[in-house]
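Engineer: Please see the structure below; I have some questions.
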Amino acid sequence: MRPLLACMTLTLIPLAIGAGAGTAAGQEPPEPDTAGFVGTWMGTLDAGAAQLRLRFVIAETEGVPGATLYSVDQGNAQIQVAETTVSGDSISMTMPMIGASFRGTLSAEDGKITGTFTQAGQSFELVLERVPDDEGAVTLRRPQNPEEPYPYLAEDVAYANPEGGHTLAGTFTRPASGGPFPAVILISGSGPQDRDEALMGHRPFLVLADHLTRRGIAVLRYDDRGVGESTGDFGTATSQDFASDALAAVAYLKTRDDVDPGKIGLAGHSEGGIIAPMAAVASRDVSYIVLMAATGVNGERILYAQAALIARAAGAPEEAIAANREQQRAIFDVLKREPDRGRAGEKITAIIRAGLERANAGGETAGDDAMRQAVAAQVRQVNNPWFRYFLTYEPAPMLERVTVPVLAINGEKDLQVPYQENLREIEAALRRGGNTRYETHALPDLNHLFQHAQTGAPSEYQSIEETWSVEAMELIADWILKTAGGQPRYRFSEFPLLSTP
């Protein structure tokens, strides 16, 4: 789940933090000295079978520290650090995307940060040394990113969402001549996303929009509310609120002479695949939907499955995976039973700290300000309106009400939204509702981002040069053109068709 944009990842494996001095009772924690940590740091993680160079870029914005991790020997894979806290000479960084954390101490003698890197219940010593900003940097190749001048019209646009009282900004593309055109609106996955759904050095929606527009389809992609040039409050919104943003996009396209108002569809990725059916049921102006790595079951089931799959791909022992699931279950029970966010936060904090104590086997954690902040970051990740909504939302009843044509595709190596269960449940819901105009496809070797992948783990996303499988984009384009009355030139026979009525 969040913080991954087009992904839903929540790995709460207890982090085994090494014993530290902590803060004595009654004393104020030391003032943070973020400036001493700002810069680029390199260290080598000895993982037994592999030696991995890690590069941390630590910055400060208006007094608030932040960091980005790069795994140099894994294609310079970029991993956003969700929370960075500094307390005196100690720094703590959490990376829930890969179920990892780092906590270290800056030495006044040699200038190094010595600490512990923890992932999937396993801890490794890691020493970081300050290096020039360009050391260890790798130029990422993204050959699918289109370059201007484009052979089509690309226009920056803005339109209002009267229901939310905010303005959405995006980019509209269409073929250079002809029209009116069938159109599709791209809806991003979880987390605050820009119009390109940019993550891991990739710009998936830019690449997909380029491909579809070259095939004769108009495309609108937009910044989420409160992101980029869009106004509004992202932090208090749920998937249902985001559906109103998608409908505002539909209303905008209906005002354009170059768009066929009877051929406007929605294509949602990950969480966007939850939002698209909501919007389609609410408006007769939606003529089709494309579900890309969408969920067919509630968030709780998704999170259990993805946490286990991602941890297992990272080499976590089964006992750690089982412990993580038990901790997830306890946290989810609190969220489902305790409506008061304050009381829920206290209970979740206690659950996480208990897990830390067990994982640390008696090491000191209580009273450590950096640890308190790291735990607070995990609590904030789950104790918010969006997560509460996602946790219990059942997609099936809404899918049963969808009457327009549906294309549902998932990658067989998707570890975040496992294809078998989710495509099966999407199809079952459409059948129960009497919808006979749908297709479901499982695409071999593709991950959650529809890249050709080795394992499907999120840690691979950035190291893969490909942003989108061409076959997947062709499948989407052909289906839209066929559904909108066009003439597809690509044949579905090259893809495994799971089912069609």
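Engineer: State which residue is surrounded by the most Cβ atoms within 10 Å (Cβ to Cβ) when the search covers only the range 436-482 and only residues that are within 18 Å of ALA314 (Cα to Cα) and polar (S, T, N, Q).
Structural biologist: That would be ASN447.
Engineer: Suppose we keep only residues that are surrounded by 16 or more Cβ atoms within 10 Å (Cβ to Cβ) and not aliphatic (A, V, I, L, M) within the range 374-388. Which one would you say is modelled with the lowest pLDDT?
Structural biologist: Step by step, filter the range 374-388, then rank; the result is GLN378.
Engineer: Could you list, ordered by first residue, the pairs with Cβ atoms under 6 Å in which the first is in the range 320-348 and under 14 Å from LEU391 (Cα atoms) and the second is among the acidic types (Asp, Glu) and at pLDDT 95 or above, at least 6 apart or interchain?
Structural biologist: Going by the 6 Å Cβ cut-off, the qualifying pairs are PHE332/GLU300.
Engineer: Taking the condition of being within 15 Å of GLY36 (Cα to Cα) and of a type outside the set (Gly, Ala, Ser), how many residues in the range 104-131 meet it?
Structural biologist: Counting residues in the range 104-131 that are within 15 Å of GLY36 (Cα to Cα) and of a type outside the set (Gly, Ala, Ser) gives 11.
Engineer: What's the number of the condition ALA293 fails, among (1) of a type outside the set (Phe, Trp, Tyr); (2) under 22 Å from PHE172 (Cα atoms); (3) in contact with a His (Cβ under 6 Å, 6 or more places away or on another chain)?
Structural biologist: (2)
Engineer: Tally the residues that are in contact with a helix residue (DSSP H, G or I) (Cβ under 8 Å, 6 or more places away or on another chain) and polar (S, T, N, Q), restricting the search to the range 463-475.
Structural biologist: So the answer is 2.
Engineer: Report those helices (runs of 4 or more DSSP H) wholly inside the range 237-347 carrying at least 3 residues which are touching a Ser or Thr at 6+ places or on another chain (Cβ under 7 Å).
Structural biologist: Because the criterion is at least 3 residues that are touching a Ser or Thr at 6+ places or on another chain (Cβ under 7 Å), the helices (runs of 4 or more DSSP H) in the range 237-347 that meet it are 272-282, 299-313.
Engineer: A follow-up question, please. Answer yes or no as to whether PHE124 is aromatic (Phe, Trp, Tyr) and surrounded by fewer than 21 Cβ atoms within 10 Å (Cβ to Cβ).
Structural biologist: yes
The values are calculated or read from the model by the stated rules, or taken from the named source; none is laboratory data. Keep in mind that what you see is a predicted model, and the values were worked out from it rather than measured. Every residue, glycine as well, gets a Cβ built from its backbone with ideal geometry; the counts of neighbours run over all protein chains shown.
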